[in-house]
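Below: the structure, in structure tokens.
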Amino acid sequence: MQFINYFFASVISYSGLVIGLMLVKTAPEEQKPLEKYLILLRKTLLLLIFIFMASYYFNYYLSLTALLAFLLFVEHKIADLSRKTALIYIALGILFFLSSKNTNLFAIEASLIMLYGVPTASLIYKKKEKNHYKIIFYNIGFVLVSNLLFLLGYHFSFLTFR
């Protein structure tokens, strides 16, 4: 896969946060009644991301289980949702890179990560604080980590073929 395709796929996956912000700005009165469903949707999508990864990377099951345990620890122990999502998006950047080896898995993971961003941004957004730029900025680690891993992976695989 070429870097430009990978880069745009990572940006599109990351755009789920922007979609979630637009959704909550369009209908802010629905944020409170839907909160428990959005939390359930976030957890379900995170679980689906790992189920699809584990089904493909069965040989790396132990490392994926360790990453899942880390994300579950972050999900349940960190109270601040902004910090929690920043760490989760960094881990999702790693999973996004790992899924790039298989085109079908890559498409599934990219769309699940985009869908994960919609309820996440809807839950983080506070109308009084005007923190929509913070949501985008704090979670940019996803794009940075996934693209850095792709560039480093491409560079190191190029060196091994010489």
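The values are calculated or read from the model by the stated rules, or taken from the named source; none is laboratory data. Just so it is clear, the structure is predicted and the values come from calculations on it, not from any experiment. No Cβ is skipped: glycine too gets one built from the backbone with ideal geometry, and neighbour counts run over all protein chains shown. Accessible surface areas use protein heavy atoms only, side chains included; no ligands, DNA or RNA. Shrake-Rupley method; radii C 1.70, N 1.55, O 1.52, S 1.80 Å.
Exactly one of these conditions fails for Met53: (1) under 15 Å from Thr120 (Cβ atoms); (2) in contact with a Ser or Thr (Cβ under 7 Å, 6 or more places away or on another chain). Give me its number.
If we test Met53 against (1) under 15 Å from Thr120 (Cβ atoms); (2) in contact with a Ser or Thr (Cβ under 7 Å, 6 or more places away or on another chain), just (1) comes out false.
Which of the numbered conditions does Ser99 fail, given that it passes all the others? Conditions: (1) closer than 24 Å to Leu144 by Cβ; (2) open to solvent by 30 Å² or more (accessible area, probe 1.4 Å); (3) touching a residue at least 24 places away in the same chain (Cβ under 8 Å).
(2)
Looking at Ala69, Ala107, which one is surrounded by fewer than 17 Cβ atoms within 10 Å (Cβ to Cβ), small (Gly, Ala, Ser), out of contact with any Cys (no Cβ under 6 Å at 6 or more places or on another chain) and at pLDDT below 85?
Every option except Ala69 fails the conditions.
Select, from Leu41, Leu47, the only residue that is under 30 Å from Lys101 (Cβ atoms), open to solvent by 30 Å² or more (accessible area, probe 1.4 Å) and touching a Pro at 6+ places or on another chain (Cβ under 6 Å).
Leu41
Tyr133 - would you say it is open to solvent by 20 Å² or more (accessible area, probe 1.4 Å) and at pLDDT below 80?
yes
Going by what's in this entry, would Phe52 be described as of a type in the set (Phe, Trp, Tyr), within 19 Å of Gly141 (Cα to Cα) and open to solvent by 30 Å² or more (accessible area, probe 1.4 Å)?
no
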